[in-house]
Every structure is written in structure tokens, then in C-alpha cells.
Amino acid sequence: MNYSKWKIEECPTDKLKLFADAGYPTLLAAMLAVRGLGSAEEAKSFLDGGAELLCDPLLMKDMDKAVSRIRHALSMRETVAVYGDYDVDGITSTCLLTDWLRGRGLECYPYIPDRIGEGYGLNSAAIDTLHRKGVSLIISVDCGITAAVEAEHAKKVGVDLIITDHHECREQTIPDAIAVIDPKQDDCTYPNKDLAGVGVALKLVCAVEGKNEEIVERYADLAAIGTVADVVPLTGENRYIVRSGLEKLGNPARPGLAALLRESGASEKKISSSTIGFSLAPRLNAAGRLGEVSVAGKLLMTRDKKEANDLAGELCELNRRRQHLETEIWDDASGMMDGKTPSTPIVLASEKWHQGVIGIAASKLAEQYSKPTIMICLDGDKGKGSCRSYGGFNLFDALSACSEYLEGFGGHALAAGLNIKRDKIRQFCRAFSEYYEHNKPTELPTLCCDMQITDPRVLDMQGVDSLSRLEPYGSGNPKPTLCIIGARLEKVTPIGGGKHLRLGISYKGTEFECVFFSHCESELGLRVGDMVDVAFTPQINEFRLRRSVQLQITEIRKHDPKPLCGMILDDEVPLREASAYCPDRGAFVKAWRRLQAVGGSVAGDLDGIISQCPHGIEPERFCICLRVLCELGLLRTVIPGSVFGAKIVSGSAKVNLESSELIKRLKARRS
């Protein structure tokens with residue numbers, strides 16, 4: 001990703017002390033402080049919170065109506081259908097609710113529409129099919145909030161409909177159903193507006209059973225997978241649900257999940273949210289993307305180990321096919337861009353692309369060109385598109401503003417889907433670009449770093465290990481992004497066939513091994529020996545029974561000392577940034593000897609001073625030394641108050657460097 005600037009959070013020293021005094025290791029204490037936790041009790045609730053974080057499901061609008069109708073279906077032994085979506089959230093939602101209904105003795109049909117043939121959401125033909133099978137109640141999961149027409153059709157043919165969803169529902173008609181459960185409805189009082197679709201389905205079961213903790217424990221594995229895959233904030237009850245699910249996945253009771261973990265190579269590693277994001281979710285998603293969603297559904301619901309192994313193998317093969325198609329689409333779309341950087345959002349259309357994979361390519365294009373991207377699969381006079389945002393641009397609002405040119409749309413601020421007629425694409429592009437011009441982000445995204453590391457010793461095994469208590473990571477609780485300013489690049493080694501890099505950096509005498517994924521050497525723009533700024537997530541690397549600290553790089557840039565040096569020399573010392581360069585006696589000795597070697601005079605401009613910096617200390621530290629030497633009278637200024645051109649005072653008496661007011665202020669800021 002391209003970033004316009006880095007924003008480095010300041011760690012509140014009072015909070016750092018509070019959490020350190022509570023017994024948390026320094027690095028974890030600092031993270032708790034910068035993440036805004038206000039007390040030791042709040043930190044404990046965040047790190048170790050239990051079932052008390054679960055909200056009352058009956059606070060959700062229409063939940064009481066849904067509970068009443070489902071209990072009636074249970075008592076009358078009705079035939080029920082669960083109608084879901086073909087992504088991971090929808091698949092897990094469908095399997096969870098189907099498993100529970102069947103466990104309560106009902107005949108239940110799970111129905112997930114074919115992505116290619118039917119598209120997203122409820123459709124009238126499917127409702128008719130289910131009605132002919134004797135279904136008298138359909139419960140939607142992870143879809144339905146836009147299905148006003150389909151709800152009318154269900155009523156017309158005599159099928160009751162309960163809608164459970166979590167997508168945006170602004171500026172649209174809420175379907176007329178027995179119950180519409182969506183925490184994002186304006187008049188819904190449920191505290192957690194960020195449930196995934198599987199979270200809403202889970203809360204529905206909790207409400208019908210009149211139990212919270214027991215039901216969450218039973219279905220936490222499925223709920224965790226759908227919640228992580230749908231990238232909803234992992235805070236509050238979502239965090240508890242996912243943490244409970246990760247524990248179950250560590251010793252999976254479902255044969256399908258055990259088989260998929262083995263087949264994907266994840267079973268021997270510690271189970272984390274990354275296991276879901278990079279091992280389980282892509283394989284489950286591949287089934288839906290390629291029109292084979294039933295494979296994923298069968299895998300999650302089977303009780304037969306042999307069938308589970310066969311289905312897991314099939315899913316992994318589907319994922320390999322998905323990767324191949326993704327590469328073909330990416331190459332084709334990149335060729336259409338012709339290497340030019342657009343000034344407006346990217347909208348591309350083709351009859352050659354596979355509809356199930358274009359969303360991934362759209363995400364890559366959005367990252368590559370720093371623009372919102374829409375990719376449309378054309379079929380005759382119709383088109384289906386996947387939309388991905390960039391820089392915080394709200395896609396849902398944009399599509400709402402351009403809806404007159406669309407057959408339909410739905411989704412979130414950052415990702416959405418649309419249906420459009422071929423002959424409306426040009427008009428839509430014009431309207432979409434105009435909306436973007438009036439609402440575009442002011443600049444490229446800012447890289448937010450949780451803190452700057454000034455003492456490399458905190459990145460030891462114990463410190464980095466302690467950060468694992470912040471798991472599960474995800475939206476709302478991302479992995480820590482730390483940074484080191486002014487490190488030295490020691491080595492660059494291509495790995496993974498040149499697609500990734502292994503880097504070595506050194507900082508204050510400590511060396512770190514780093515990995516930089518999806519970057520090749522030619523893109524780096526750096527050479528060994530350069531001073532660099534590195535943003536990274538620290539992790540424990542385990543290889544052949546050896547554990548070591550490794551930095552997974554988010555961004556690396558050439559270090560520019562000029563801005564801070566300029567402020568130091570102009571006596572506008574920003575204590576927060578400069579305190580990292582507070583010099584010791586050894587630095588003063590090096591600075592003094594360097595001045596003697598160049599004739600006893602400080603250069604007359606900023607570039608000249610930086611060029612005078614002695615080997616072994618940073619320019620920023622050298623500039624502070626010069627400032628202090630002037631303050632203590634060891635350098636005589638030529639221009640009053642200015643370091644530029646100052647000269648060594650010959651025969652000057654020894655002074656106590658610690659008496660410098662600047663040194664005192666820097667040390668106080670650092671403590």
C-alpha cells in the first residue's frame with residue numbers, strides 16, 4: 001500500500017506506568033496504553049473478558065417475533081429452510097443454523113444460491129423451489145435486508161420469512177417479513193452493531209434457547225470463522241466469540257475442520273485469527289467463488305472422517321484453481337490499465353473474467369493504483385460487479401448516489417457488489433467519477449504506527465511473546481504496528497522465487513531479521529548501508545525447533561534526518577521525537593573529535609552539518625550535541641543563537657554535560 005505519511009502514536013507515560021505496575025511486560029503495557037485502555041480493570045476485561053461480554057439477544061429489534069415464530073415451527077414440526085450467502089460468513093451461518101434446527105428434530109434444507117447462476121441474496125425462483133419441497137418457513141442468514149420484492153413473493157406463495165442480516169440498510173425499504181433482524185437498523189437498540197452475519201444467526205439461536213454462554217460454546221468454531229473472515233471489529237462480544245472459537249479449533253470436534261486444518265498445513269501450528277484468515281477462509285471461499293459452495297457446506301456439517309478428508313482435498317484443489325484464475329484476471333486487468341495511474345476511480349469490464357474471482361483482483365488494483373475499483377463481469381446485456389474501496393472512500397454511499405444507473409447493489413462502505421445493464425456502464429462511470437471528485441479522500445492513507453521503538457531491548461522473546469495476549473487480531477484490534485526510525489539496512493535477500501524479501505537491519509547495536517512479503521528487490525529502492533525507517537509487526541518465528549524474534553515489515557522507507565535536524569538546529573526541539581536521540585558522553589566525544597578533524601568549525605548549512613556527522617552516531621544526535629556544546633559555551637556562535645558556522649572555543653574549561661538544560665529536558669521526556 002502507498003502511504004502519504006506515517007503517524008506515530010505517543011505512548012502516555014502515566015498509563016504505561018499504570019499497566020507496568022499491574023504486572024504487564026513493558027511492550028504489552030505500552031500497547032495497552034496506546035490502544036486507549038484506561039485502567040487495569042479495563043485491560044483485564046479486554047484481555048481476559050468472558051461470557052459477561054455477551055449482550056442480551058432480545059435487545060435486537062424483532063428478535064421476540066422471530067423467537068415466537070421459530071418456537072411455533074418447533075412445536076408443529078414444520079419443514080424449514082435456511083437461506084444463506086456463498087461467502088465464508090454466509091456458509092458458516094447456514095451450517096450453524098441448519099445444524100441447530102436439525103438437532104431440534106426439524107427437517108431443514110440449507111440453501112445457498114449459486115454465485116454464477118443466481119447471484120447474491122434471496123430470489124423468487126429459489127423460494128418457489130423450497131415451497132414445493134414443503135417448506136413453510138425460510139430463515140435468511142447474512143442476506144435479505146434488501147429483499148423487499150422477494151419478501152412480497154414469499155408472502156404471496158404462503159411461505160413465512162424471517163430475515164437475519166448485518167449489512168447496511170439505509171435509504172431502502174425494509175422487507176415485509178415475520179421478523180427482520182439486523183443490528184444496523186436505525187431503531188435497533190442492540191449494543192453491538194458490528195456482528196457478522198454468523199454472529200446474528202448465533203444470537204438468534206441463543207434467543208430461542210434462552211441461553212447465551214452454552215450456545216456460544218457449542219458453535220464458537222463456526223462463529224469465529226465467519227466473524228474473522230467477514231472482517232468485522234474484534235472487540236467486545238465479537239472478541240469473546242472468536243477467542244472461544246480459536247480454543248475449539250485448537251482441538252476441533254468437527255471432522256471437516258480437523259481435515260481442512262491438516263490439508264492446509266495449519267494443524268501443527270498455533271491456531272490464531274491468522275489461521276482463519278490465511279488457511280481456512282480462502283479455501284472455504286474458493287468453493288463459493290467457483291460455484292461449488294456445497295462442497296464447503298458438506299465439509300462443515302459432515303460427521304464422517306473419510307468424507308471430511310475427501311472434501312478437504314477437494315476444497316484445496318478448488319483453491320488452487322481460484323489462484324490460477326486470479327492470476328489470469330490480474331494480468332488481463334493490469335494490461336487494460338496500460339501502466340497509467342488514473343485520476344478517477346477504476347471501472348473495468350470484460351466478458352472473459354470469472355465472476356467469483358474479480359473481487360480479489362479489484363482489491364489488488366485498488367491497492368496498486370490507490371483508487372476505488374469496480375470490476376464488472378459482462379454476460380450479454382447484463383453485468384455483475386465487485387467493488388473495493390481505497391483511502392476510506394465510502395462505496396455504499398457512492399453506489400447509493402449513483403443507484404439510478406444500477407439494477408441493484410449492496411454491501412459495506414469498503415466492499416460492495418452491484419448489478420448493471422451493459423448500456424448503463426458509461427453513464428454510471430461518469431456519475432461515479434463525479435461523486436468521487438466531490439467526496440474523494442484528501443490524501444493517501446496515513447500509516448498509523450502504535451509506537452516508536454527507541455530501546456531495541458524491549459523486542460526480546462519475552463516482550464514479543466507477551467503481545468500474543470492481544471489476540472485475536474482483526475478489524476478494531478489490528479496486529480501491533482511498531483516502527484524503528486533511523487535503522488541501518490544490513491542485507492537484502494530475495495526469497496520465495498523473488499516474490500518476497502528477507503532483510504537484515506541493525507539499530508543501536510542490535511540486529512533484527514525481517515521479512516517483507518509481496519515485494520521484490522527492484523521495488524525496494526534501497527541499498528545495503530542505507531539508513532531506513534521500518535514499520536513492522538514483531539513476531540516469534542519458529543523453524544526447526546528454533547524460536548527467534550522476527551519483524552514482519554509493513555513499510556520501509558529511506559530515513560530522512562533533515563526535518564528533525566532542522567528543528568533541532570533552529571532551537572525548535574520537539575522533545576518527543578528528539579528524546580530518542582539524547583546523546584551520551586561517548587556521542588559528545590565523537591562529535592568533538594569530528595569538529596576538530598574538520599578544522600574546528602560547524603558547517604554553514606543543514607546539508608553541510610549532516611555531511612560532518614561522524615560515523616557511528618545519527619545526524620539527529622550529532623545536531624543535539626552541537627546545540628548543547630553551544631549552550632555550554634564550548635562552541636562560539638558566529639550568528640547569535642545559531643549553530644551554523646560556530647567554532648570551537650580554544651582552551652575552554654571542562655564542563656558538566658549533564659548540566660545542559662536541553663539534556664535535562666530530553667531525559668525528563670524519555671523517563
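The values are calculated or read from the model by the stated rules, or taken from the named source; none is laboratory data. Every value quoted in this text rests on a predicted model; they were computed, and no experiment measured them. All Cβ positions, glycine included, derive from the backbone under ideal geometry; neighbour counts span all protein chains shown. Protein only, heavy atoms only, side chains kept; ligands, DNA and RNA dropped before computing areas. Shrake-Rupley method; radii C 1.70, N 1.55, O 1.52, S 1.80 Å.
Based on this model, can you work out whether residue 534 counts as surrounded by 14 or more Cβ atoms within 10 Å (Cβ to Cβ) and without any contact (Cβ under 8 Å) to a residue 60 or more places away in the chain?
Answer is yes for this residue.
Among the numbered criteria (1) within 26 Å of residue 277 (Cβ to Cβ); (2) without any contact (Cβ under 8 Å) to a residue 60 or more places away in the chain; (3) basic (Lys, Arg), which single criterion is violated by residue 156?
(1)
Can you run down the residue pairs with Cβ atoms below 8 Å, 6 or more apart or on separate chains, where the first is in region 395-410 and free of Cβ contacts under 8 Å to residues at least 40 places away in the same chain and within 19 Å of residue 422 (Cα to Cα) and the partner is assigned to a strand (DSSP E or B) and open to solvent by 20 Å² or more (accessible area, probe 1.4 Å)?
399/409; 403/409; 406/419; 407/382; 407/419; 407/421; 409/417; 409/419
When you scan region 81-88, do you find a residue that is buried (at least 24 other Cβ atoms within 10 Å of the Cβ) and either more than 35 Å from the chain's Cα centre (by Cα) or among the polar types (S, T, N, Q) (or both), even just one?
No, there is no match, as no residue in region 81-88 is buried (at least 24 other Cβ atoms within 10 Å of the Cβ) and either more than 35 Å from the chain's Cα centre (by Cα) or among the polar types (S, T, N, Q) (or both).
What about residue 144, is it of a type outside the set (A, V, I, L, M), closer than 26 Å to residue 77 by Cβ and buried (at least 19 other Cβ atoms within 10 Å of the Cβ)?
yes
Within the group 363, 334, 294, 350, which residue is among the polar types (S, T, N, Q) and open to solvent by less than 20 Å² (accessible area, probe 1.4 Å)?
Exactly one of 363, 334, 294, 350 is among the polar types (S, T, N, Q) and open to solvent by less than 20 Å² (accessible area, probe 1.4 Å), namely 350.
Please list, ordered by residue number, the helices (runs of 4 or more DSSP H) wholly in region 146-250 having 1 or more residues that are within 19 Å of the chain's Cα centre (by Cα), modelled with pLDDT of 95 or more and not polar (S, T, N, Q). Give the derivation first.
Values: elements: 148-157, 197-209, 213-229, 236-250.
Qualifying helices (runs of 4 or more DSSP H): 197-209, 213-229, 236-250.
Looking only at region 14-58, filter to residues that are hydroxyl-bearing (Ser, Thr, Tyr) and free of Cβ contacts under 8 Å to residues at least 40 places away in the same chain; which one of those is surrounded by the most Cβ atoms within 10 Å (Cβ to Cβ)?
This residue is 45.
Among the residues of region 92-109, is there at least one that is at pLDDT below 95 and either buried (at least 17 other Cβ atoms within 10 Å of the Cβ) or in contact with a helix residue (DSSP H, G or I) (Cβ under 7 Å, 6 or more places away or on another chain) (or both)?
No, region 92-109 contains no residue that is at pLDDT below 95 and either buried (at least 17 other Cβ atoms within 10 Å of the Cβ) or in contact with a helix residue (DSSP H, G or I) (Cβ under 7 Å, 6 or more places away or on another chain) (or both).
Is region 434-451 home to any residue that is touching an Asp or Glu at 6+ places or on another chain (Cβ under 6 Å), closer than 30 Å to residue 34 by Cα and open to solvent by 20 Å² or more (accessible area, probe 1.4 Å)?
Within region 434-451 (the criterion being touching an Asp or Glu at 6+ places or on another chain (Cβ under 6 Å), closer than 30 Å to residue 34 by Cα and open to solvent by 20 Å² or more (accessible area, probe 1.4 Å)), the answer is yes, since at least one residue qualifies.
Given 388, 422, 457, which one is of a type in the set (Lys, Arg), under 30 Å from residue 245 (Cβ atoms) and touching a residue at least 24 places away in the same chain (Cβ under 8 Å)?
388
Anything in region 127-148 that is hydrophobic (A, V, I, L, M, F, W, C) and under 24 Å from residue 415 (Cβ atoms)? List them, or say none. Explain how you work it out, then say what you get.
Pass one, region 127-148, residues hydrophobic (A, V, I, L, M, F, W, C): 127, 130, 135, 137-139, 141, 143, 145, 147-148.
Across region 127-148, the qualifying residues are 141, 143, 145, 147, 148.
In region 625-652, which residues are modelled with pLDDT under 85 and touching a Leu at 6+ places or on another chain (Cβ under 9 Å)?
Listed by number, the list holds a single entry, 652.
For the list (1) of a type outside the set (Val, Ile, Thr); (2) over 27 Å from the mean Cα position of the chain (by Cα); (3) in a helix (DSSP H, G or I), I need the number of the one condition that residue 368 fails.
Failing condition for residue 368: (2).
Pick from 261, 284, 246: which is within 27 Å of residue 47 (Cα to Cα), open to solvent by less than 10 Å² (accessible area, probe 1.4 Å), touching a residue at least 12 places away in the same chain (Cβ under 8 Å) and not hydroxyl-bearing (Ser, Thr, Tyr)?
Working: 284 fails: within 27 Å of residue 47 (Cα to Cα); 246 fails: open to solvent by less than 10 Å² (accessible area, probe 1.4 Å).
Criteria check complete, one pass: 261.
State which residue is least open to solvent (accessible area, probe 1.4 Å) when the search covers only region 375-423 and only residues that are among the acidic types (Asp, Glu) and in a helix (DSSP H, G or I).
Ranking the candidates gives 397 first.
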